[in-house]
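Structure record follows, encoded as structure tokens.
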Amino acid sequence: MAQGSSIVLNGVRVIQGTPTRCLTRPTLFLSMWKVSRPREVDVTRASLTMARPGPTGYVVKELLPEMECVPKAALDKAVAVATRGDVPEIYVNANLEKLPPLGLVASG
């Protein structure tokens with residue numbers, strides 16, 4: 001997938017890259033990377049994190065710690081978690097340190 005491109009799997013939108021708008025509801029973040037070892041087959045590692053807006057900023061929680069898996073299995077697992085948790089979007093390989101700041105909400 002190219003940066004910013006998206007697909008829909010089982011009703012969940014899967015987007016490549018980092019969000020450009022502030023998060024307004026819980027959102028999943030799937031990170032995947034290859035690990036090369038000398039004289040061994042390359043392996044893919046993945047982790048799944050959830051971020052949601054909170055009163056003082058984003059609340060970030062690791063849901064599935066780093067695991068070894070094939071990319072399709074990692075994506076399938078993330079989509080299953082999103083479907084069970086009623087989460088509409090998954091960002092793949094986003095930079096969580098560069099999430100857009102939360103907008104100010106008017107009260108009154």
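Read-outs throughout are calculated quantities, based only on the coordinates presented, and are distinct from any laboratory measurement. Just so it is clear, the structure is predicted and the values come from calculations on it, not from any experiment. Cβ: placed from backbone, ideal geometry, glycine included. Neighbour counts: every protein chain shown.
A few comments on the model shown:
- Within the chain: Cβ-based charge dipole about Cα centre, in debye rounded to nearest 20 (Lys, Arg +1; Asp, Glu -1): 100
- Sum of -39500 (n - 2.57) over DSSP H runs of 4+, divided by residues of the chain (222 nm, nearest 500): -4000 deg cm²/dmol
- Length-normalised contact order for the chain - Cα pairs under 8 Å, 6+ apart - percent: 36
- The residues THR44, THR20, when put in order of fewest to most other Cβ atoms within 10 Å, stand as THR20, THR44.
- Longest exposed-site-free window of the chain, the sites being trypsin sites (Lys or Arg not before Pro) in a DSSP loop that have at most 12 other C-beta atoms within 10 Å: 40-108
- Translational diffusion of the range 6-98 was estimated from the Stokes-Einstein equation, with Rh taken as the Kirkwood radius over Cα pairs; at 25 °C and 0.890 mPa s the coefficient is 178 µm²/s.
- Helix 71-84 vs. the chain, principal-axis angle (Cα, 0 to 90°, nearest 10): 30
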